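Okay, structure first, notes after.
The values are calculated or read from the model by the stated rules, or taken from the named source; none is laboratory data. Since this is a predicted model, take the numbers as computed values, not measurements. All Cβ positions, even for glycine, are placed from backbone atoms using ideal geometry, and neighbour counts span all protein chains on display. Note: areas computed on protein heavy atoms with side chains; ligands, DNA, RNA excluded. Shrake-Rupley method; radii C 1.70, N 1.55, O 1.52, S 1.80 Å.
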Amino acid sequence: MRCARIAAVLGVVGGLSLVATSSPARAASANVAALQVALKALGLYPSAIDGISGRLTRGGLRRFQRHKRLVVDGIAGPRTRHALGRRGRPRLGSRPMSSGRRGWDVAALQFLLHVRGYGPGGFDGGFGPNTRRAVVRFQRAAGLAVDGVAGPSTLRALRHRTSSGVPSGPVRFLRPIPGQITDGFGWVGGRRHTGVDIPAPEGTPVGAAGRGVVAFAGWNDGGYGNLVVVKHRLGFESWYAHLSRIAASEGEAVVGGTRIGYVGSTGHATGPHLHFEVRHFGTPIDPVPRLLLSAEPDRPLTCRPNADAWGTRDSDPFVARFGRCP
Ligand SMILES: [Zn+2]
């Protein structure tokens, strides 16, 4: 089974085309993020690290260049990066990153992790315990060797996953219930988890993740148990599985937060949790980059007893089947 891919939408992540020229696509770039981190540390960038080269980023860069008597071109070329000192180097990918490392590449790494939903909790260009934990979580989720060192294979996976996982359209979702994601989306141990799992007490109300129409509300024999599927615009669907009780009916219009059911453990589930899935034209995609509130897993992404929906891609809610945890 192949990993679902959305058309790549990220431009220069990891590339050397250094930022800060006006980018018509306004694509988020890890290198722009690293520049923002460096400028912020110098008090020259007052805004959020978003990897997008906007007016504030370019303005901060120009001020820096003026101050350093460099050519004021708003481009973070070799001289400018040299002038940034430790924050301007080394280039992303030029060395394996591990605990204790600092610099441009670590800031870029932190941004890549963040975009993938494994944010270390901030961007400071220093590889500390939080960054290490984030790398470990990502490596586990991606089925890589788990060593907490961001070397070539981890970077490759981050870049690849970034280009496939960053939302390209306007659709975003609310988290259907509060709580931490324990099992993430994607490949683990050769199987593919088609959604994310959020453990919660039985009976926790589940809210629709966004505006749409209930397309399915009923029992699924394949392992999803009590299942609600909401159809959204632009080919998106959200799936809510293992519900103890369904509180929505087919054809009902919902908005974000409309109660559609309650957390349970029906179907293939050994404990109460919500299995939340987002599909785009029938193909499960990683919901995390589209969630409006941060979704930080704080537990290892392994195949746990309540892991489910491994490898299924059936888009018919009546017959869709869960795989089983290996
Ligand atoms: Zn699941």
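Heavy-atom accessible surface of segment 47-117, averaged per residue, reaches 51 Å², computed with a 1.4 Å probe. Ligands, DNA and RNA aside, residue 159 has an accessible area near 80 Å² when probed at 1.4 Å. What the phi angles of segment 44-54 give under the Karplus curve with 6.51, -1.76 and 1.60, with θ = phi - 60°, is a coupling list of 10, 9, x, 10, 6, 6, 10, x, 10, 7, x Hz, glycine and proline written as x. Ranked by the mean number of other Cβ atoms within 10 Å of their residues, highest first, the peptides 57-68, 274-285 fall in the order 274-285, 57-68. Only the Cβ atoms of Lys and Arg (+1) and of Asp and Glu (-1) were treated as charged; on that basis the dipole of segment 176-257 about its Cα centre amounts to roughly 220 debye. Put simply, the C-alpha atoms of segment 211-251 give a gyration tensor, and the ellipsoid matching it has half-axes of 18, 11, 7 Å, longest first. Residue ranges 131-139, 201-209 sort as 131-139, 201-209 when ordered by packing (mean number of other C-beta atoms within 10 Å per residue, highest first). The portion of the accessible surface of segment 69-140 made up by carbon and sulfur, rounded to a whole percent, is 48 (1.4 Å probe; DNA, RNA and ligands excluded).
Ranking of 240, 262 by solvent-accessible surface, largest first: 262, 240 (1.4 Å probe, protein heavy atoms only, all chains present). Starting from the Cα gyration tensor of segment 73-117, take the square roots of the eigenvalues, sort them a ≥ b ≥ c, and report rounded, prolate or oblate (rounded when a/c is under 1.5, otherwise prolate if a/b is larger than b/c, else oblate). Here segment 73-117 falls in the oblate category. Over all Cα atoms in segment 237-287, the spread is summed up by Rg and Dmax: 11.7, 31 Å.
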